[in-house]
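Working notes for the structure below.
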Amino acid sequence: MNTELFGQLIPIPENIRQGAAKLKAINPATESRALAVWVVQRYLQRFDYDSDFHSSSAWNTVLQILTELADLEIFAQERSLGMVECIPIATDADTLEISEQAVTGEYIAYIAVEINPEHTWGNVVGFTPSLETKYPELSISRDDLLPAHQLVDLLQKAENLTDESLSAELREYLGELFFNDQHQAIVAQLERALLLETLEPLQIETAAQEIEALMAQSVPAEKQELVLIREDSENSDRGKLRDILKRLFQSLGKDL
């Protein structure tokens, strides 16, 4: 084992291993999911982010009968930054496989976690941010995962985006009802654009397209064609969204 990897390993105490082992009766895969959640919580505690692994679906015996989820809500000073999904990945696995059940707007990241066969340590391998709204990719190449340390960058962006004064103009543009209903999904897509793109024009366009996709999803199927026609005839309105996002990202840049 190299020194760099050893520094990243998170020891799993015996009481946590015993608690997770009790979940095997429900489903053998439940044990590794539960451990992955605990490892992510412990990893993020190093950077002063809070969470409660007991509240995760992976540690809930009833929910594990119904779901395959290993969710974990992250907090900064009692302020929710969103949900992450903690996914066990084998050492020799080439891809991170995301459950269809975890494809919802509330997830800000999908985190790959290696756990050794003895369940004595875990390692946060990397992550991918929120998925595309219209065409979510559920199989992510291991080589395409972002490094674990960038999780802190993602959460710092989430902290800034929860500042209501920064998003006031976007809230007004989208409408109070839609903004409140889709708030977490909107924030997740803004984070995704900022994290994956380095050039401001690409960040703005990526975020705008994902927000437009969220808006389209909120419209009944029988009215989708009318929405597309309206979008084509109102390029100035679409330009307004991009102008708002530009100002939002520039304000974030000053705060970061």
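Observations, loosely collected:
- Each label was represented as a point 7 Å from its Cα along the Cα-to-Cβ direction; for residue 93 and residue 168 these points are 4.5 nm apart.
- Using Cβ point charges alone (K and R +1, D and E -1), the dipole size of the chain about the Cα centre works out to roughly 460 debye.
- Charge context of residue 130, other residues only, Cβ under 11 angstrom, K/R +1, D/E -1: -4
- Of the listed residues 121, 38, the order by accessible area with a 1.4 Å probe, largest first, is 121, 38.
- Computed with a 1.4 Å probe on the full set of protein chains, the accessible area for residue 165 sits at about 90 Å².
- The trypsin sites (Lys or Arg not before Pro) of the stretch 14-88 meeting both criteria, a DSSP state outside H, G, I, E and B (loop) and at most 10 other C-beta atoms within 10 angstrom of the site's C-beta, are 46.
- Maximal additional length on extending the residue 213-residue 200 stretch stands at 2.7 nm, based on 0.36 nm per residue less the C-alpha distance.
- Helical content alone sets the calculated 222 nm signal of the chain at -15000 deg cm²/dmol, taking -39,500 (n - 2.57) per DSSP H segment of four or more residues and averaging over every residue.
- The length gained on full extension between residue 138 and residue 101, counted as 0.36 nm times the residue separation minus their Cα-Cα distance, comes to 12.3 nm.
- For residue 127, distant residues with modelled amide H under 5 Å away: 112, 146
- Heavy-atom accessible area ranking, 1.4 Å probe, most first, across 134, 157: 134, 157
The values are calculated or read from the model by the stated rules, or taken from the named source; none is laboratory data. Worth saying up front: this structure is predicted, and the values here are computed from it rather than measured. A quick note on method: Cβ atoms are made from the backbone with ideal geometry, for glycine too, and the neighbour counts reach across all protein chains shown. What goes into the accessible areas is simple: the full protein's heavy atoms, side chains included, and nothing from ligands, DNA or RNA. Shrake-Rupley method; radii C 1.70, N 1.55, O 1.52, S 1.80 Å.
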